[in-house]
Amino acid sequence: MIEFRLDWQRAERTGTCEAVLCEPKDAAQIDAIVAHAAALDRRLLLTRLGPRKFGRLAGTVREALDYEASSRTAILGGAHPSRGAGRVAIVAAGTGDLAVAREAQRTLAFMPAEQGVVHWPPLGRPACALVDPTMMPLQDATIDRILVAHALENSEHPRDLMEEIWRVMTPGGRVIFVVPSRSGLWARLDTTPFGQGHPYSRLQLRHLLQETLFLPVFWGEALYVPPFESPWLLRSAPAFERIAGRWSLPGGGVLVVEATKQLYRPISLRRTVRRAIPQLEPVLEPIGAA
């Protein structure tokens, strides 16, 4: 008998259905979880479900799921109806972070010009654009939700990037920053996705948000599990993350901050270097002087 426990009250608390991390689970466990949810007529979100593992699921389970290989996600019970026509933007160092936001109705990814363009998704119309992150080809106040991952720590001009994000956000919009933590282990190893660039402490990130007129409304941490390839760590990761996140323990690998846009903004906050021009004064010179 396969034992598992699902949190059906998640929708009432957070507004989203129960989610299942499929990476540490085998096909039999996923089959049992999906069959149980279907019998109760419950909606379910499955993440980190690779194409190979999806192919090993029972035929009835595969037919019941709305599966998307590019994001490695599956939904039981259909997608939640959209509450509005909001626009979502993702500012990242590449396409590696786009899969986590593929469930959004509209996904727009901007890849830094230094990286080079990548066609994504491989099938269908492209959802990526090659841009300078500090000069996005968007009108003012046009984006409602923005996810910034692997961008702030890799930016040579983080304040310029923050000001550009502020410009394109709508009043009342929300932005989520995922930044490597200076005190975490993930930023100390070059082999991790967060081992490059400039990590931040909570105080440094708070000052940067204040300087660029963002008001934090939520602070959190994630990736408490050390970045080591251990089967035991992978199996215990969901429980470890849940317990550490519930008690807001320090030492997470990344800082997760949700912020809103402050509407009252000076004319310009961008730090520029101005060259001092000496003042020229008229001088009398004799006529005919060589």
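The values are calculated or read from the model by the stated rules, or taken from the named source; none is laboratory data. Note that the structure is a prediction, hence the values are computed from the model and not measured. All Cβ positions, glycine included, derive from the backbone under ideal geometry; neighbour counts span all protein chains shown.
Any idea how many residues of the range 243-260 are in a loop (DSSP other than H, G, I, E, B) and surrounded by 15 or more Cβ atoms within 10 Å (Cβ to Cβ)? Outline the logic, then answer.
Restricting attention to the range 243-260, the residues satisfying the condition of being in a loop (DSSP other than H, G, I, E, B) are 247-253.
Then keep just the ones that are surrounded by 15 or more Cβ atoms within 10 Å (Cβ to Cβ); that gives 252-253.
Result for the range 243-260: 2.
Can you go through Arg202, Arg188, Arg182 and tell me which one is at pLDDT below 90 and among the basic types (Lys, Arg)?
Working: Arg202 fails: at pLDDT below 90; Arg182 fails: at pLDDT below 90.
Matching residue, one of Arg202, Arg188, Arg182: Arg188.
Check the range 173-188 and report whether any residue there is surrounded by fewer than 13 Cβ atoms within 10 Å (Cβ to Cβ) and not basic (Lys, Arg).
The first filter runs over the range 173-188 and keeps only residues surrounded by fewer than 13 Cβ atoms within 10 Å (Cβ to Cβ), leaving none.
No - not one qualifying residue is present in the range 173-188.
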Could you please let me know if Phe240 is part of a loop (DSSP other than H, G, I, E, B) and either touching a Phe, Trp or Tyr at 6+ places or on another chain (Cβ under 6 Å) or free of Cβ contacts under 8 Å to residues at least 24 places away in the same chain (or both)? no
Scanning the range 156-207 residue by residue, the ones that are part of a loop (DSSP other than H, G, I, E, B) and over 25 Å from Pro250 (Cβ atoms) total 2
State which residue pairs qualify: first residue on the phi < 0 side of the Ramachandran plot and inside the range 21-33, second residue aromatic (Phe, Trp, Tyr) in any location, beta carbons under 9 Å apart, and separation of 6 or more residues or different chains. Cys22/Phe54; Lys25/Phe4; Ala27/Phe54; Gln29/Phe4; Ile30/Phe54; Ala32/Phe4; Ile33/Phe4
Those residues that are at pLDDT below 90, assigned to a helix (DSSP H, G or I) and of a type in the set (Gly, Ala, Ser), I need them from the range 1-31; list them, please. Ala11
Return the total of residues in the range 184-223 being under 17 Å from the mean Cα position of the chain (by Cα) and closer than 17 Å to Glu241 by Cα. 6
Pairs please, first residue from the range 131-154 and closer than 19 Å to Leu208 by Cα, second anywhere and at pLDDT 90 or above and of a type in the set (S, T, N, Q), Cβ atoms under 6 Å, 6+ apart in sequence or on different chains. none
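Mind checking which residues of the range 32-54 are in a helix (DSSP H, G or I), surrounded by fewer than 19 Cβ atoms within 10 Å (Cβ to Cβ) and over 28 Å from the mean Cα position of the chain (by Cα)?
Going residue by residue through the range 32-54, those that are in a helix (DSSP H, G or I) are 32-39, 51-54.
Cutting the leftovers down to surrounded by fewer than 19 Cβ atoms within 10 Å (Cβ to Cβ) gives us 32, 35-36, 38-39, 51-53.
Ala32, Ala35, His36, Ala38, Ala39, listed by residue number.
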Boolean, Ala79 is modelled with pLDDT under 80 and closer than 28 Å to Trp8 by Cα: yes
